[in-house]
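Asker: Next up is a structure, given as structure tokens.
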Amino acid sequence: MSVIIRPELGAWPALGYVGSPLDRAAHLRATAGDLIADPAARFYLLGGELVAMKGAEAPFDPLFLHGEARARGRGEPLFLGLADGAPRFAFSFDPGLREILEGEGLKVLDLRSIAVGGLVAADHLGPVASGKALLAWHGRHGFCANCGQASRIVDQGWRRDCPSCGTQHFPRTDPVVIMLTAAGDQCLLGRQPHFAPGMWSCLAGFVEPGESIEEAVRRETLEEAGIATGRVTYRTCQPWPFPMSLMIGCLAQATSRDIVIDRNELEDARWFDRDEVALMLARTHPDGLFVPPPVAIAHHLIRAFVEGIHA
């Protein structure tokens, strides 16, 4: 049996979409429309999964002047907050215009690729995540859930009001638990059918109404892999703008070992030794197996296990 030499993993990498520099300035939302004309105001151009940027090479600049954004955008700009006192907004553009924008010399890429590749300064990821999630929420909530009538944007994107029945609607974030379950020197990883070949990750699932974080971790792990868990500890969290989730990262201790896979949820699941997972983190596994990149919270939960941090 060959001996696995654990690779040197280096400094702990940064987690994506966190540490936003924005002051959300909620007190300004009611009058934020007046800030659009501020000479210091800048606008992110977002089209579904796509982000428009300026520059010939990375790091690209995702900030546009009002006139630049208005000429390419549609709808109403949404107020994100203040960056060093300067207003920041998110403008939507039609993803179908990608080729036209690229023909104008802009770089248009999906947010996942931008975050994984470090193609913009890290300070932009949090604001872009907020803008993308807000725009996605408005795209799905144009009509009142109470009476079905068309609603309108209020507070420059932070509320929708129904003029028919008076109901107020506020942007929502979907809570999702994502957990690294361990048993001694082994951890449980799974594969979903849409994963890239060779990639394994933590299990995850939405928190259901009336459920605590710990209960959601235990239920999802049991449902997806048939593994019972005991102690659950919170590790960290991450906004995940695909489309508008909050990933709640936890470490869990397994109280059973026999895996029973729910094939509707997972393609596969199995136990991995700590040293093997270290190779997957370093992307030096002899079989080409790997885990999600540092921008994703799963990477950090798996790193915690390799570093000996337990639930």
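Any read-out appearing in this document is the output of simple, stated calculations on the displayed coordinates, not a laboratory observation. Please read these numbers as outputs of a predicted model, since none were measured by experiment. Reconstructed Cβ throughout: ideal geometry from the backbone, glycine too, with neighbour counts over all protein chains shown.
Asker: Give the peptides 146-154, 71-79, 59-67 in descending order of average Cβ contacts within 10 Å, highest first.
Answerer: Values: 146-154: 14.0, 71-79: 19.7, 59-67: 17.2.
Highest to lowest by the protection proxy: 71-79, 59-67, 146-154.
Asker: Would you mind ranking Val277, Val51, Val108 by Cβ crowding within 10 Å, fewest neighbours first? Before the final figure, lay out each step's value.
Answerer: On the way: Val277 24, Val51 27, Val108 19.
The fewest-first ordering by Cβ neighbours comes to Val108, Val277, Val51.
Asker: Given points 7 Å out from each Cα along the Cα-Cβ axis, report the Glu76 to Phe195 separation in nanometres with one decimal.
Answerer: 4.3 nm
Asker: Just to confirm my understanding: which cysteines in the chain have no other cysteine beta carbon less than 4.7 Å from their beta carbon?
Answerer: If one checks each Cβ against the other cysteines of the chain, Cys187, Cys202, Cys237, Cys250 turn up with nothing under 4.7 Å.
Asker: Provide the three semi-axes, in whole Å and in decreasing order, of the ellipsoid equivalent to segment 26-140 as defined by the square roots of 5 times the Cα gyration tensor eigenvalues.
Answerer: 21, 15, 14
Asker: Can you put Cys250, Cys202, Cys165 in order of Cβ neighbours within 10 angstrom, beginning with the fewest?
Answerer: On the way: Cys250 24, Cys202 29, Cys165 12.
In increasing order of surrounding Cβ atoms, one gets Cys165, Cys250, Cys202.
Asker: Normalised by the residues of segment 95-254, what does the relative contact order come to in percent, with Cα pairs under 8 Å and at least six apart? Spell out each step's value before the answer.
Answerer: Working: 223 pairs, mean separation 31.7, N = 160.
With pairs under 8 Å counted, the relative contact order is 20 percent.
Asker: Here is a further query. Hey, with R₀ at 41 Å, roughly what FRET efficiency would Gln253 and Ala121 work out to, going by the Cβ-Cβ distance, to 0.05?
Answerer: Between Gln253 and Ala121 the formula returns 0.60.
Asker: If you line up the Cα atoms of the chain on their principal axes, what length do they span on each, largest first, in Å?
Answerer: That gives 67, 49, 33 Å along the principal axes, largest extent first.
Asker: Given 5 Å bins starting at zero, what is the percent of C-alpha pairs of segment 158-233 in each, up to the one with the largest pair distance?
Answerer: Final binned percentages: 3, 13, 20, 17, 13, 10, 7, 7, 6, 4, 1, 0.
Asker: For segment 57-145, what relative contact order do you get, as a whole percent, if you take Cα pairs closer than 8 Å and at least 6 residues apart? Walk me through the numbers on the way to the answer.
Answerer: On the way: 65 pairs, mean separation 28.5, N = 89.
Computed value for segment 57-145: 32 percent relative contact order.
Asker: Let me ask something additional. Estimate the FRET efficiency between Thr167 and Ala86 by the formula 1/(1 + (r/R0)^6), using the beta-carbon distance for r and 30 Å for R0, to the nearest 0.05. Before the final figure, lay out the partial values.
Answerer: On the way: r = 34 Å, r/R0 = 1.13.
Efficiency, rounded to the nearest 0.05: 0.30.
Asker: Only bridges whose two residues both fall in the chain count here: according to DSSP, what percent of them are antiparallel, nearest 5? Before the final figure, lay out the partial values.
Answerer: Working: 46 of 61 bridges.
In the chain, DSSP labels about 75 percent of beta bridges as antiparallel.
Asker: Based on other C-beta atoms within 10 Å, arrange Lys54, Lys132, Lys107 from fewest to most.
Answerer: On the way: Lys54 15, Lys132 26, Lys107 20.
By the 10 Å Cβ count, ascending: Lys54, Lys107, Lys132.
Asker: Let me ask something else about it. Which whole-angstrom value gives the distance between the alpha carbon centres of segment 87-140 and segment 179-224?
Answerer: 29 Å
Asker: In degrees, nearest 10, range 0 to 90: what is the angle between the Cα axis of helix 213-225 and the longest Cα principal axis of the chain?
Answerer: Here the helix axis deviates by roughly 60 degrees.
Asker: Quick one: what are the phi-derived ³J(HN,Hα) couplings along segment 154-162, Karplus 6.51/-1.76/1.60 with θ = phi - 60°, whole Hz, x for glycine and proline?
Answerer: Running phi through 6.51 cos²θ - 1.76 cosθ + 1.60 with θ = phi - 60° gives 10, 6, 6, x, 9, 6, 10, 10, 9 Hz.
Asker: Given R₀ = 45 Å, what would the calculated FRET efficiency be for Ala40 paired with Asp262, taking r from the Cβ atoms and rounding to 0.05?
Answerer: Working: r = 52 Å, r/R0 = 1.15.
That pair, Ala40 with Asp262, gives E of 0.30.
Asker: Also, quick follow-up: Which values, in whole Å and largest first, are the semi-axes of the equivalent ellipsoid of segment 1-72 obtained as the square root of 5 times each eigenvalue of the Cα gyration tensor? Please report the intermediate quantities before stating the final value.
Answerer: Numbers: eigenvalues 317, 66, 23 Å².
Each semi-axis is √(5λ); the values are 40, 18, 11 Å.
Asker: Sorted by packing (mean other beta-carbon atoms within 10 Å per residue), highest first, where do 212-224, 167-179 land?
Answerer: Numbers: 212-224: 19.6, 167-179: 17.7.
Going by the mean number of other Cβ atoms within 10 Å, highest first, we get 212-224, 167-179.
Asker: With only alpha-carbon atoms counted, please give the Rg and Dmax of segment 265-311, in Å.
Answerer: Over segment 265-311's Cα set, Rg and Dmax evaluate to 10.8, 29 Å.
Asker: While we're on this one: Could you give the length gained on full extension between Asp287 and Asp94, defined as 0.36 nm per residue of separation minus the Cα-Cα distance, in nm?
Answerer: Values: separation 193, 0.36 × 193 = 69.48 nm, distance 4.13 nm.
Working it through step by step, the gained length comes to 65.3 nm.
Asker: Now, a different point. With only Lys, Arg, Asp and Glu charged, each at its Cβ (+1 for the first two, -1 for the last two), find how big the charge dipole of the chain is about the Cα centre; round to the nearest 20 debye. It would help to have the intermediate numbers written out before the result.
Answerer: On the way: 29 positive and 37 negative charges, 111 e Å.
I would put it at about 540 debye.
Asker: Helix 297-306 against the longest principal axis of the chain: what's the angle in degrees, Cα atoms only, rounded to the nearest 10?
Answerer: 30 degrees
Asker: Let me ask something additional. Dipole of the chain (Lys/Arg Cβ +1, Asp/Glu Cβ -1, origin at the Cα centre): which of Leu46, Ala298, Pro59 lies farthest to the positive side?
Answerer: The one lying farthest along the dipole's positive direction is Leu46.
Asker: If you don't mind, another one. Which value in deg cm²/dmol, rounded to the nearest 500, describes the helix-derived mean residue ellipticity at 222 nm for the chain, given -39,500 (n - 2.57) per DSSP H run of n ≥ 4 and division by the residue count?
Answerer: -6500 deg cm²/dmol
Asker: Beyond 24 Å, what share of the Cα-Cα pairs of segment 174-306 remains, rounded to the nearest whole percent? The partial results should precede the final answer.
Answerer: Details: 1770 of 8778 pairs.
Tail of the P(r) past 24 Å holds 20 percent of the pairs.
Asker: Here's something else I'd like to know. How much length is gained if the chain between Leu22 and Ala228 is pulled fully straight, taking 0.36 nm per residue apart and subtracting their Cα-Cα distance, in nm to one decimal?
Answerer: Full extension of this stretch gives 70.1 nm more.
Asker: Just need the relative contact order of the chain here, percent rounded to a whole number, with Cα pairs under 8 Å and 6+ apart.
Answerer: Normalised by residue count, the contact order of the chain is 19 percent.
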